[in-house]
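S.K.: First, the structure itself, so that you have it in front of you.
The values are calculated or read from the model by the stated rules, or taken from the named source; none is laboratory data. Everything numeric here is computed off the predicted structure, so don't read it as measured data. Note: ideal-geometry Cβ built from the backbone for every residue, glycine included; neighbour counts use all protein chains shown.
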There are 2 protein chains.
Amino acid sequence: MSDITPLDKVGEFGLIRRIQETITLRQPSTTLGIGDDAAILTPAAQHDIVVSTDLLVEGVHFDLTFCPLKHVGYKAVAVNVSDIAAMNALPTQIVVGLAIGSRYSVEAIEELYEGMRMACEAYNVDLVGGDTSASRGGLTISITALGQVETGRAVRRSGAQPNDLICVTGDLGGAFLGLQVLEREKAAFLADPDMQPELANYTYVLQRQLRPEARMDVIHELRDLGLTPTSMIDISDGLASEILHICTASGTGARIFSENLPAANPMLEVANEFNLDPIMCMLNGGEDYELLFTLPLADHTKIKNHPDITILGHITEKSDGVNLITKAGQPVPITAQGFQHF
Amino acid sequence: MSDITPLDKVGEFGLIRRIQETITLRQPSTTLGIGDDAAILTPAAQHDIVVSTDLLVEGVHFDLTFCPLKHVGYKAVAVNVSDIAAMNALPTQIVVGLAIGSRYSVEAIEELYEGMRMACEAYNVDLVGGDTSASRGGLTISITALGQVETGRAVRRSGAQPNDLICVTGDLGGAFLGLQVLEREKAAFLADPDMQPELANYTYVLQRQLRPEARMDVIHELRDLGLTPTSMIDISDGLASEILHICTASGTGARIFSENLPAANPMLEVANEFNLDPIMCMLNGGEDYELLFTLPLADHTKIKNHPDITILGHITEKSDGVNLITKAGQPVPITAQGFQHF
């Protein structure tokens, strides 16, 4: 068959050559891309570089039973871009390391790269370097992303002040429920390989899980509005875990009002079907890759009617702790239930 | 026992915290290190950034039967720094991704980091970011290194010109023979677990294999001598493979004289013991991490008596091909026998 080429037929250099041919460079700061000992970047004057690295491991972060490699590639880039966004920076370049198990074909790896290529196009990022290796196990994807931000304008987790507004983009809990659907269908499939997975009714939550987007759109909008967050983080491990990171780094407390948590209807429907508390899903479900940030109270009028940004509550003195305020007005301490890989 | 702590006891955040506490930052360009969504770097004005990424995969690039984790950590950093050196840049920061199999303890990972910390100190590099994950297989280490070089002074593979001198640092073939010794001893150990490995007579070649150094010393010396190579590459896959990369990128041929190949006595002794041709070991043995570079013929007097740089031959027109010139004056075409992972 012409569409299943074993990796050892083209070798490491051959694979790199095949991939290199499909790469377009867009960034003015990319002076030299793939093909030398290192890429050469010429950053804009008066700009800082931000750099972040993430691993995606087969069987831990993704499961090929239900996740096409193209989606895995797209997501691998998107989650790294999300880290760059969370610094208030614009992504510019990525480098990619792949450890590839022996059951993968050249075509499978090209599909993975096709997803990465699509994400690079969507986020205006150049793929400028990489390394590939065999692996004794499954597929491990390592991506390091670089971005640029005007010197001194990077936003850290540590700048939140009491009375700052706590804001979040988009809606929460969807990616977590998408994962529940996939796991249920996988269990059904393993019990009966002839079964047809029932995925048509779950488009929204599946897309949230399989095809998350980094919120670069919001970074651009905040700039257009003249707003600079005092602190920011992206939601990879869940809102609870991330607000605790901000409060720990900033030396503050926080009040988040449960009735303000942004719920999408398809998320509520799936939570109901799975008998899961939607508040718990929004608070502790990870992988939504929305941005959580704080703004000075004075910016309230600029942000209050934004259709895609929700004000969850406000930062408090540290001594107040980090609390979820229930509908009845009761404070409940927030604790991290973030995903543990080990 | 107090010295074997399972990873799930401290978790991902706990492990990162433990490692973070041991990190020293040295580089003026490091504005923010580990602990946020991304590190923040402030490059020197009028400097380019170079960036390179490498994977080290257990069972492919290293074997824990005979390679202590501290050495693995040191080597993982050194080989990345070597790529930065090969661009004529100075290394500044690294980020580290680790996918960790379940049989690793916290102490094992701390030993790995201890090796990386030692290399960071040796090369004056800051560890500014990372990601850790469980893995279903063994250990995979992904390192991305960044460096800085005055704008426009990065050295590529593509700048060699006919008549340029072909130079190499140090000596060749040692790392390859170190691997042969380790593989022989491993086979003996697997056949008889009570056997004592015979390693005392092989210090030099073992050190070349287990504890390679990036030749940053030579980069600094070339700068002191006012020399800028026209092309450069580091020797990871073997001299033959690397000279072919330079000639392909530069559109040239090359003549390398076999009697000029730099041989260390301990390498010759081990080659003899293993009945291996030392020329083959120097030409095709990988992982020496020496620098291969070209210089204009006019620089000959500045370099000819350097104790640690050998002139191998010279660049020719492309039509002459890439040849090894034997002692008898016969040209033998050089072909890549570089290591293939797949």
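S.K.: Mind listing whichever residues of segment B:258-313 are free of Cβ contacts under 8 Å to residues at least 12 places away in the same chain and either under 17 Å from B:Glu242 (Cα atoms) or not hydrophobic (A, V, I, L, M, F, W, C) (or both)? Give the derivation first.
M.R.: Narrowing segment B:258-313 to residues free of Cβ contacts under 8 Å to residues at least 12 places away in the same chain: B:265, B:268-269, B:272-273, B:275, B:277, B:280, B:298, B:301, B:304-305, B:307.
Within segment B:258-313, B:Asn265, B:Glu269, B:Asn272, B:Glu273, B:Asn275, B:Asp277, B:Met280, B:Thr301, B:Lys304, B:Asn305, B:Pro307 qualify.
S.K.: On to the next question. Looking only at segment A:11-44, how many residues end up being surrounded by 15 or more Cβ atoms within 10 Å (Cβ to Cβ), more than 15 Å from B:Arg156 (Cβ to Cβ) and either of a type in the set (Asp, Glu) or not assigned by TED's automatic domain parsing to the domain that holds A:Leu139 (or both)?
M.R.: Adding up the residues that qualify gives 1.
S.K.: With the condition kept exactly as written, say whether any residue in segment A:49-70 is outside the structural domain of A:Lys186 (by TED's automatic domain parsing), within 21 Å of A:Ile4 (Cβ to Cβ) and in a helix (DSSP H, G or I).
M.R.: Scanning segment A:49-70, I find at least one residue that is outside the structural domain of A:Lys186 (by TED's automatic domain parsing), within 21 Å of A:Ile4 (Cβ to Cβ) and in a helix (DSSP H, G or I), so the answer is yes.
S.K.: Now a separate question. Kindly establish whether A:Lys302 is assigned by TED's automatic domain parsing to the domain that holds A:Ala175, in a helix (DSSP H, G or I) and either out of contact with any His (no Cβ under 7 Å at 6 or more places or on another chain) or not small (Gly, Ala, Ser) (or both).
M.R.: yes
S.K.: Mind listing whichever residues of segment B:113-150 are assigned to a helix (DSSP H, G or I), at pLDDT 95 or above and hydroxyl-bearing (Ser, Thr, Tyr)?
M.R.: Passing the criteria: only B:Tyr123.
S.K.: A:Leu127 fails exactly one of the following numbered conditions: (1) more than 10 Å from every other protein chain (Cβ to nearest Cβ); (2) among the aliphatic types (A, V, I, L, M); (3) under 23 Å from B:Gly59 (Cα atoms). What is the number of that condition?
M.R.: With respect to (1) more than 10 Å from every other protein chain (Cβ to nearest Cβ); (2) among the aliphatic types (A, V, I, L, M); (3) under 23 Å from B:Gly59 (Cα atoms), A:Leu127 is out only on (3).
S.K.: Return the residue satisfying two criteria in turn: it lies in segment A:13-44 and is at the interface with chain B (Cβ under 7 Å from one of its Cβ atoms) and small (Gly, Ala, Ser), and of such residues it is farthest from A:Met87 (Cα to Cα).
M.R.: Looking at residues that are at the interface with chain B (Cβ under 7 Å from one of its Cβ atoms) and small (Gly, Ala, Ser), I get A:Ala38.
S.K.: Restricting attention to segment A:151-169, report how many residues are surrounded by 21 or more Cβ atoms within 10 Å (Cβ to Cβ) and either free of Cβ contacts under 8 Å to residues at least 40 places away in the same chain or in a loop (DSSP other than H, G, I, E, B) (or both). Spell out the reasoning first.
M.R.: Initial filter on segment A:151-169 (surrounded by 21 or more Cβ atoms within 10 Å (Cβ to Cβ)): A:154-157, A:160, A:164-169.
From the residues that got through so far, the ones that are either free of Cβ contacts under 8 Å to residues at least 40 places away in the same chain or in a loop (DSSP other than H, G, I, E, B) (or both) too are A:154-156, A:160, A:164.
Residues flagged as surrounded by 21 or more Cβ atoms within 10 Å (Cβ to Cβ) and either free of Cβ contacts under 8 Å to residues at least 40 places away in the same chain or in a loop (DSSP other than H, G, I, E, B) (or both) within segment A:151-169 amount to 5.
S.K.: What residue, among those in segment B:185-218 that are more than 18 Å from the chain's Cα centre (by Cα), in contact (Cβ under 8 Å) with a residue 12 or more places away in the chain and assigned to a helix (DSSP H, G or I), is surrounded by the most Cβ atoms within 10 Å (Cβ to Cβ)? So that I can check it myself, show each step before the final result.
M.R.: Pass one, segment B:185-218, residues more than 18 Å from the chain's Cα centre (by Cα): B:185-203.
Filter again for in contact (Cβ under 8 Å) with a residue 12 or more places away in the chain, leaving B:185-186, B:189, B:197-199, B:202-203.
So of that shortlist, the ones also assigned to a helix (DSSP H, G or I) come out as B:185-186, B:189, B:202-203.
Numbers: B:Glu185: 19, B:Lys186: 14, B:Phe189: 15, B:Tyr202: 23, B:Thr203: 11.
If we take residues in segment B:185-218 being more than 18 Å from the chain's Cα centre (by Cα), in contact (Cβ under 8 Å) with a residue 12 or more places away in the chain and assigned to a helix (DSSP H, G or I), then B:Tyr202 is surrounded by the most Cβ atoms within 10 Å (Cβ to Cβ).
S.K.: Mind telling me which of the residues A:Gly170, A:Gly152, A:Gly159, A:Gly174 ends up being more than 23 Å from A:Val50 (Cα to Cα) and out of contact with any Asp or Glu (no Cβ under 6 Å at 6 or more places or on another chain)?
M.R.: Details: A:Gly170 fails: out of contact with any Asp or Glu (no Cβ under 6 Å at 6 or more places or on another chain); A:Gly152 fails: more than 23 Å from A:Val50 (Cα to Cα); A:Gly159 fails: more than 23 Å from A:Val50 (Cα to Cα).
Result: A:Gly174 is the single residue among A:Gly170, A:Gly152, A:Gly159, A:Gly174 that is more than 23 Å from A:Val50 (Cα to Cα) and out of contact with any Asp or Glu (no Cβ under 6 Å at 6 or more places or on another chain).
S.K.: Right, another one. Does A:Ala122 satisfy the condition of being closer than 22 Å to A:Ala264 by Cβ and out of contact with any Lys or Arg (no Cβ under 8 Å at 6 or more places or on another chain)? Talk me through it step by step, then tell me what you get.
M.R.: On the way: closer than 22 Å to A:Ala264 by Cβ: yes; out of contact with any Lys or Arg (no Cβ under 8 Å at 6 or more places or on another chain): yes.
The answer is yes for A:Ala122.
S.K.: Looking only at segment B:79-112, filter to residues that are assigned to a helix (DSSP H, G or I) and surrounded by fewer than 24 Cβ atoms within 10 Å (Cβ to Cβ); which one of those is farthest from the other protein chains (Cβ to nearest Cβ)?
M.R.: Residues of segment B:79-112 assigned to a helix (DSSP H, G or I): B:79-85, B:106-112.
When the remaining residues are screened for being surrounded by fewer than 24 Cβ atoms within 10 Å (Cβ to Cβ), the result is B:79, B:106-111.
Numbers: B:Val79: 10, B:Val106: 10, B:Glu107: 14, B:Ala108: 13, B:Ile109: 11, B:Glu110: 15, B:Glu111: 17 Å.
Out of the qualifying residues, it is B:Glu111.
S.K.: Still on this model: Has segment B:250-270 got any residue that is buried (at least 19 other Cβ atoms within 10 Å of the Cβ) and under 15 Å from the mean Cα position of the chain (by Cα)?
M.R.: no
S.K.: Moving on to the next point. Can you name the residue in segment B:224-241 that is more than 10 Å from chain A (Cβ to nearest Cβ) and closer than 18 Å to B:Asp54 by Cα and is also nearest to the chain's Cα centre (by Cα) among such residues?
M.R.: Checked segment B:224-241; the qualifying residue nearest to the chain's Cα centre (by Cα) is B:Ile235.
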